[in-house]
Amino acid sequence: MIDVTQLRKTYRVHQREPGLKAALRSLLRRPTEEVRAVDGISFHIGDGERVGFLGPNGAGKTTTLKMLAGLLHPSAGTVAVDGFRPQERQRAFLKTITLVMGQKQQLLWDLPPSETFLLNRALYDVPETEFRETLGELTQLLELQSLVSKPTRQLSLGERMKCELAAALLHRPKVLFLDEPTIGLDVAMQAVVRDFIRAYNERFGATVLLTSHDMDDVAALCPRVIVIDHGRLIWDGALEDLVKKVQPHKQIRLRLSRPVDASDLARLGRVVEHTATAVALQVPQSELQAVVAQVLSALPLVDLTVEDPPLEEVMRDLFAGAVPDAGAAPAQGAA
Amino acid sequence: MRDPRGDTTGALRHALRALPALLHTGFASVLAYRAEILIWMFATNMPLVMLALWSAVARSGPVAGYTPDAFTAYYLATLLVRLLTGCWVVYELTMEIRQGTLAMRLLRPIHPLLAHAAENAAATPVRLLVCTPLIAVFVYTSHRAVTHDWLLWLLVPVAIAGAWLIIFGVMAIVGTLALFVESAMGLFQLWLGLSGVLSGYLVPLDLFPARVRDLANVLPFRFTLSYPVELMLGRLDRAHALQLLGAQWAYVALFFAGTMLLWRKGMQRFGAFGG
């Protein structure tokens, strides 16, 4: 569905120091710098996959997404989405995709979202019956009933995001590019949106490429992740494999009936948290079974849970270069 | 890989199908800002100022054949055409390019300029409604000065449409230049300045020296205002009127082609900045 080969995007950016002298100098001479926003990335995403596209700020995620959506022309390399060259922006291609950006909107600002829905129906040639059915589903799922008749400018950020999502999916696109889709939503609505995206993917077989700084989005939706940093691809594979590679540990959370000495805990593993009766230990995956057995026999245990390390910590370590060889060969991808 | 040549006929048919919805939302947006459009229309009062000026001058004798009544007819017709051909795409397009919000238009399967054209054109019914008192005054004061040739009156709406399309085309070109330079609004101000003089907005082209008049007669500015006014006031015979109609729509085609070419080049440079 999505094929990217040695994709590059460079910008020429003007440089200027602050101050009046610098402003006057820039009239005659404007130094420029070449910025490689995307620097030779390659990947393939199959039909129906849900893939997280992660990276620190300025890594090149949104630039890549925009090239896939046809908003930007690549500087080099090739990109194909459902057999189309996105930069040609053929009508059939634009009807196949949707791009939802948390910080931009397509809703008509001065009119109710219902007007945007009607406009999109005409622009995307959505048959009336399908439009009513899809709109009904979206309205119910995203709780839009009281929102669609208010002018967009009078909606809160979270309310606007829900309506944006509805507007973006009315034409039942085959490929969803989602750039921070849950930004500004409350916890309950974030869960609703995630469930909706998963259900949409499963029902229509749509391919989903999601960028998000919210690791809950990634954990809930993306079995596979592509990680990009400084414009380069540093990981492409299953999320659980990434976690194992970057932080090959498990966290054991203990609730104890009485305080335990720190030295007793240190023998079991690395103590990450230690209050009177709550402890978190970090242990290598390979030693998990043995440590759990020791905990069960040696400690005054009330409750025990075993967790993967928080994704936020995994990504932090990955971006900090804490794992020098974290990059995997491009994977076939997991559905 | 899909055939990149595309389907021009299909695109045109799609655009025609989508046009009613685009006009509907454009009209609805204009109604949301009805106070602003009224203020803009009342602020377009330069022809009335020039009318007062030239009427005073003509009281002591006609100026190049223009009596006070002739000036009244001329400037009321000018005001009418100016109000009906108003357009604001250059401001919107420049802002959208600078802020990156053009991206959202580019994601839709309709050319952004077509969408802009529909939104701008959708204001016409409101403009017409607001112009109704002006039309009544024009008919009352100048019914003797206007043409009684039905063919010329048939050409008037076509000429006004052509005028609007040229203005839109120029604005679209200047707006698209924002893809190439930091800001092209200076260029638009230059166009406005030249247009004020060479379109007949400030002074009837008849009043210019011969050389200036000959130049103004062939430049596109005339076709954005003076030409429809000349039709309404019967200052052209049929043959000349039709000839000039051809010239006007040749300019429409020229600006359309220029806009499309510039847009295609500009899209390769679009940075979609702003997140």
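Coordinate-derived values only; no laboratory data. From a predicted model like this one, the values you see are computed outputs, not experimental measurements. Heads up, the Cβs are rebuilt from the backbone with ideal geometry, glycines too, and the neighbour counts pull from every protein chain shown.
Computed values, structure above
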item	result
Two-site FRET efficiency, A:Asp241 against A:His44, from Cβ-Cβ distance with R₀ of 22 Å, rounded to 0.05	0.80
Pairwise centroid distance, computed over Cα atoms, of region A:253-293 with region B:141-202, Å	79 Å
Among A:Ser286, A:Ser212, A:Ser75: highest mean-square fluctuation, GNM of chain A, C-alpha pairs under 10 Å	A:Ser286
Added length on full extension, which subtracts the Cα-Cα distance from 0.36 nm per residue, A:Asn57 to A:Thr275	75.0 nm
Residues of type lysines that A:Lys150 reaches as a straight line, Cα spacing below 28 Å, ignoring anything fewer than 8 places off in the same chain	A:Lys95, A:Lys104, A:Lys162
Helical mean residue ellipticity (222 nm; -39500 (n - 2.57) per DSSP H run of 4+; nearest 500) of chain A	-10500 deg cm²/dmol
Chain B: most fluctuating residue of B:Arg17, B:Arg105, B:Arg127 per GNM, C-alpha cutoff 10 Å	B:Arg17
Neighbour-limited loop hits for trypsin sites (Lys or Arg not before Pro), region A:243-273 (at most 12 other Cβ within 10 Å; DSSP other than H, G, I, E, B)	A:Arg267
Selection of GluC sites (Glu not before Pro), region B:77-183, meeting DSSP coil and at most 10 other Cβ within 10 Å	B:Glu182
Simple spin-label estimate for A:Ala23 and A:Gln285 in nanometres, 7 Å along Cα-Cβ	5.7 nm
Shape parameters for region B:31-267, alpha-carbon atoms, Rg then Dmax in Å	18.5, 62
Extreme residue, positive dipole direction of region B:203-275, given options B:Gln268, B:Ala257, B:Ala247 (C-beta unit charges)	B:Gln268
Cα-projected label distance for B:Ala32 with B:Ala64, points at 7 Å along beta-carbon direction, nm	4.5 nm
Net charge dipole size for the protein assembly as shown [Lys, Arg +1 and Asp, Glu -1 on Cβ; Debye, nearest 20]	1960 debye
Sites A:Lys150 and B:Asp214, calculated FRET efficiency, Cβ-Cβ separation with R0 41 Å, nearest 0.05	0.10
Fully extended contour minus Cα-Cα distance, from B:Leu12 to B:Leu207, at 0.36 nm per residue	65.8 nm
Order of B:Ser199, B:Ser183 - criterion: other Cβ atoms within 10 Å of each residue's Cβ, fewest first	B:Ser183, B:Ser199
Positive-end residue of B:Leu215, A:Val218, A:Ser114, charge dipole of the protein assembly as shown with Cβ unit charges	B:Leu215
GNM result for chain A, Cα springs below 10 Å: residue of A:Ala22, A:Ala199, A:Ala37 fluctuating most strongly	A:Ala22
Average beta-carbon neighbours from other chains, 10 Å sphere, peptide A:112-125	4
